[in-house]
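Structure first, commentary second.
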Amino acid sequence: MPKMRPIKNNRPTQVAIARLFGRPAKPHSTLPSRRRRAAVEAGEIVRTRAEAEAAIVEARKSHERLREAIDILPQGIVFLDAEGRYILWNKKYAEIYNRSSDLFKPGARLEDTIRVGVERGDYPEAIGREEQWIAERLAKLYQPGTQHEQTLADGRVVLIDERLTEDGGIIGLRVDITELKQREASFRLLFDSNPAPMIVCSLDGEHILGVNDAAIEHYGYSRVEFERLTIRSLQAFDTELPWTGSNDEQTARTWKHVRADGALIDLAIYSRQLVYGDQPAILLALMDITERKRAEARLTFMAQHDGLTGLPNRTLLRQQMDDLLLHTRRSAEKVTVLVLGLDNFKAVNDTLGHGIGDKLLRGVAKRLRSTLREEDVLARLNSDEFAIVQSGVTRPEDAVLLARRLVEAIGDPYLLDGHSVVIGASIGIAMSPGDGDESEKLLKNADMALSRAKNDFRGTFSFFEAEMDARAQTRRKIEIELRDAIQNDVLLPHYQPLIDLATGRITGFEALVRWPHPERGMISPGDFIPVAEETGLISAVGGLMLRRACMDAAHWPDDVRVAVNLSPLQFRVGNLLSTVMDTLKQTGLAATRLELEITETLVLEKSSQVLATLHALRSLGVRISMDDFGTGYSSLSYLRSFPFDKIKIDQSFVRDLGSDRDAQAIVRSIISLGKGLGVTITAEGVETEAELSCLRNEGCHEGQGFLFSRARPNAEIVSLLQAQRGGDPVGTALVA
Ligand code: C2E
Ligand code: MG
Ligand code: MG
């Protein structure tokens, strides 16, 4: 660290310092006394030698103070005289140049120190062109007011700012800007090589000051073209600038920009104010989210449309319906919803395969669309159901006209992969506001009307009626309560005896489910079995009944059987065979004492899986009965598909036995058919002695009905059987 030297014997320095403080130390003794007095008054000269020495001491003190003051400056500072000689410098200056004190001494010339520095290789820029560099450096020294940067051998960068003083000397400032330079370099690196397009522009967005390579590549404009553009001219729609909103708004927003080729791109823009060169500017980092936007749009489309037909799905339909309903709320216009279901679509799928099924659905969608007006909404609700929403309609007749047109359009044959496929459609109609003023309700009601149309007669349409809704609500209530009843094990079997008509003895009992309801008393199966089947609760009910019936029967005499009704659905859900096997094993009931009653509808499906299960059950020793014989469409043909052990003549034939000769003929032929096949024939619903004697005359094996007994709880069955053991008379003796 160079130390300041005393200035006593150093006249030029003394003068320079005195000048620095505005008090030139002039020689005093040579002046004439008048002028001298005036000079003393003006403070220009020192009066006596003592005063002069005091003044010098004072000047030294001031000099020390100045030195102290400049030493605490963070910048380097140097004072040179008009000949470029050092007068004064601070610690920081010496530190920056790291020169020994023999180089830095008052009176030494800057040029000399520069030369020494050049020789030592302090200035990498000078290497190889030393003289020229020195000349340039000195030229700068005398072009005050300009700034320049100097790179030192150790990589530091110094900003040099030199100004002329009044007397031709120089004040030089040195700022170590190494860190700033490094930061600038990192920024440049970050900016230039950033994969994200970046733009620097003026605060008003009117001038683009810089762009990185990514921006050039992304937009397709050259650097020069960019310079002529403004931020607004890049924006496709917006007039405001991305950095003018609040921070939250900025990050939430996306912008559309136009590329050189005219294509639109979606951008998320991050903006920052910074100093660029030496002016305040805005840095924009641009993130292209065009692809993401597209993917989002695709996802939204997929979430709102049916993949197969491209039609709106239920979600979008509901939105569109809500909009329509809102618009028509105050007008006389109605919103009409038609729910269209294809008749027997499943059969097409099953017989011709899903490929053709899909093509058929696409064909149907196309025909529907071309039958409708453009403003009508068409949506696909589920596999074979479509919804059509019409607005601007006020009369039900208009809905009828449309329904007819639709059914007709769909009814024409489709040629699919060489197959001519014909499919019918049924339609349910609901109209706002009468049938509902919310989309969900209208759809639900139209759906209910569709079920009615399908049940009544396929290929037709049906309007929603309030009573359908009431029915649906009751069903819903039953479903909820039935769940509880199953959970709490409330359901129980009552047993109705089956009587051998020849001997009058009880051969077995049919288990009939009963639901003791706290408010509605005993609910009969007809009221809840269909609900159980619709809701899938039937498996639970069936399993429960099977278990209870087998458990009870296990305590009855060995020659008494138990018959349990099975729902067709029990063949579809779960494994019926293993359920039966497990139950028999757990209750200890012999398989031969169990009879399972199935209805024709089940065999109607005639699927190999159902038949295999039936055969397997039968080979266990379980007997299989056909219940309600004669009520289905083709009872006879189904007798051929499976070797039943028993046929139960439906009670509708038995009821008419006394009066209707046809009924007698039918019952007679069923009995003889049974005999021919070696199958037991049981007559259901025997209520009168006349019916009984008629059945006996025809040779019917078994009877079941109120004439003998209603279904009774298990507790009564035991006493009933004991009475029979005691030799009570047959048949009628059982009537309660
Ligand atoms: P089903 O299997 O044909 O049972 C005979 C039905 O006729 C029983 O009605 C019985 O009470 C009734 N019945 C018996 N004798 C007479 C009579 O002389 N006159 C009249 N009018 N009716 C008589 P229930 O108990 O109401 O059962 C109705 C149907 O519910 C049953 O018809 C059966 O299909 C079904 N079901 C009953 N319990 C179950 C069960 O546990 N599971 C399944 N899946 N279905 C059951
Ligand atoms: Mg039955
Ligand atoms: Mg029956």
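The values are calculated or read from the model by the stated rules, or taken from the named source; none is laboratory data. Note that this is a predicted model, so its numbers are computed, not measured. Quick reminder, even Gly has a Cβ in these numbers, built from the backbone with ideal geometry, and neighbours come from all protein chains shown. Remember, those area values only see protein heavy atoms, side chains included, never the ligands or the DNA or RNA. Shrake-Rupley method; radii C 1.70, N 1.55, O 1.52, S 1.80 Å.
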Quiz item: Applying the selection to the range 328-349, what residues are surrounded by 12 or more Cβ atoms within 10 Å (Cβ to Cβ) and at pLDDT below 85?
Solution: Thr328, Arg329, Glu333, Lys334, Asn344
Quiz prompt | Only listed residue being of a type in the set (Val, Ile, Thr) and either within 23 Å of Glu166 (Cα to Cα) or modelled with pLDDT under 90 (or both), chosen from Ile127, Ile134, Ile77 | solution = Ile77
Practice problem: Filter the range 32-72 down to residues that are assigned to a loop (DSSP other than H, G, I, E, B) and either in contact with a Ser or Thr (Cβ under 8 Å, 6 or more places away or on another chain) or at pLDDT below 90 (or both) and give me whichever is most open to solvent (accessible area, probe 1.4 Å). | Solution: Arg47
Quiz item: Yes or no: Val531 under 44 Å from the mean Cα position of the chain (by Cα), within 15 Å of ligand 2 (Cβ to nearest atom), in a helix (DSSP H, G or I) and farther than 20 Å from Gly685 by Cβ?
Solution: no
Practice problem: Could you please tell me which pairs satisfy a Cβ distance under 7 Å, a separation of 6+ or placement on different chains, a first residue in the range 349-363 that is under 20 Å from Gly411 (Cβ atoms), and a second residue that is charged (D, E, K, R) and not in a helix (DSSP H, G or I)? | Solution: Ile356/Asp417
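Only one of these is outside the structural domain of Ile429 (by TED's automatic domain parsing), modelled with pLDDT under 95 and over 15 Å from Ala387 (Cβ atoms): Leu299, Leu352. Name it.
Leu299
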Quiz item: When only residues in the range 544-564 that are surrounded by 22 or more Cβ atoms within 10 Å (Cβ to Cβ) and assigned to a strand (DSSP E or B) count, which is nearest to ligand 1 (Cβ to nearest atom)?
Solution: Val564
Quiz item: Pick from Leu596, Leu589, Leu546, Leu498: which is in contact with a Leu (Cβ under 8 Å, 6 or more places away or on another chain), of a type outside the set (D, E, K, R) and under 18 Å from Asp645 (Cβ atoms)?
Solution: Leu596
Exercise. Report the residue count in the range 569-601 for those that are within 14 Å of ligand 3 (Cβ to nearest atom) and either at pLDDT below 95 or outside the structural domain of Gly621 (by TED's automatic domain parsing) (or both).
Key: 4
Self-check item: Matching residues, the range 477-528, being within 15 Å of ligand 2 (Cβ to nearest atom) and closer than 14 Å to Ala549 by Cα
Solution: Pro493, His494, Tyr495, Gln496, Pro497, Gly508, Phe509, Glu510, Ala511, Leu512, Val513, Arg514
Exercise. Kindly provide the set of residues from the range 688-728 that are open to solvent by 60 Å² or more (accessible area, probe 1.4 Å) and closer than 16 Å to Glu510 by Cβ, ordered by number.
Key: His701, Phe706, Arg710, Glu716
Quiz item: Assuming Gly630 fulfils every condition listed in (1) open to solvent by 60 Å² or more (accessible area, probe 1.4 Å); (2) closer than 20 Å to Thr680 by Cα apart from one, which condition is it?
Solution: (1)
Quiz item: What are the residue pairs meeting all of these: first residue in the range 581-602, first residue more than 24 Å from Asp650 (Cα to Cα), second residue in a strand (DSSP E or B) and open to solvent by less than 20 Å² (accessible area, probe 1.4 Å), Cβ atoms under 8 Å, and 6 or more apart or on different chains?
Solution: Leu584/Leu594; Leu589/Val562
Self-check item: Matching residues in the range 614-628 - criterion: being within 16 Å of ligand 3 (Cβ to nearest atom) and either more than 14 Å from Leu584 (Cα to Cα) or small (Gly, Ala, Ser) (or both)
Solution: Ile624, Ser625, Met626, Asp627, Asp628
Quiz prompt | Flag if Val541 is under 25 Å from Val718 (Cβ atoms), open to solvent by less than 40 Å² (accessible area, probe 1.4 Å) and over 45 Å from the mean Cα position of the chain (by Cα) | solution = no
Exercise. Test Ile671 against the stated conditions and say whether it is open to solvent by 60 Å² or more (accessible area, probe 1.4 Å), out of contact with any Leu (no Cβ under 7 Å at 6 or more places or on another chain) and more than 16 Å from ligand 1 (Cβ to nearest atom).
Key: no
Self-check item: Pairs where the first residue, in the range 328-339, is farther than 14 Å from Glu438 by Cβ and among the β-branched types (Val, Ile, Thr) and the second is at pLDDT 75 or above and open to solvent by 50 Å² or more (accessible area, probe 1.4 Å), C-beta under 9 Å, 6+ apart
Solution: Thr336/Pro396; Val339/Asp447
Quiz item: What are the residues in the range 493-512 that are open to solvent by less than 10 Å² (accessible area, probe 1.4 Å), closer than 16 Å to Gly543 by Cα and within 14 Å of ligand 3 (Cβ to nearest atom), if any?
Solution: Glu510, Ala511
Exercise. Could you grab me the full set of residues in the range 141-175 that are of a type in the set (Lys, Arg) and surrounded by 15 or more Cβ atoms within 10 Å (Cβ to Cβ)?
Key: Arg156, Arg174
Exercise. Report, by residue number, each residue of the range 404-448 that is closer than 23 Å to Gln320 by Cα, at pLDDT 90 or above and open to solvent by less than 10 Å² (accessible area, probe 1.4 Å).
Key: Leu406, Ile427, Gly428, Ile429, Ala430, Ser439, Leu442, Leu443, Asn445, Ala446
Quiz item: Given the conditions (1) within 16 Å of ligand 1 (Cβ to nearest atom); (2) out of contact with any strand residue (DSSP E or B) (no Cβ under 8 Å at 6 or more places or on another chain); (3) open to solvent by 20 Å² or more (accessible area, probe 1.4 Å), and given that Pro568 satisfies all but one, which numbered condition is not satisfied?
Solution: (2)
Practice problem: For the range 151-165, state whether one or more residues are outside the structural domain of Ala285 (by TED's automatic domain parsing), in contact (Cβ under 8 Å) with a residue 40 or more places away in the chain, not in a loop (DSSP other than H, G, I, E, B) and not charged (D, E, K, R). | Solution: yes
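Tell me the helices (runs of 4 or more DSSP H) entirely within the range 176-287 that contain at least 3 residues that are open to solvent by 30 Å² or more (accessible area, probe 1.4 Å), of a type in the set (S, T, N, Q) and free of Cβ contacts under 8 Å to residues at least 24 places away in the same chain.
Here the list is empty.
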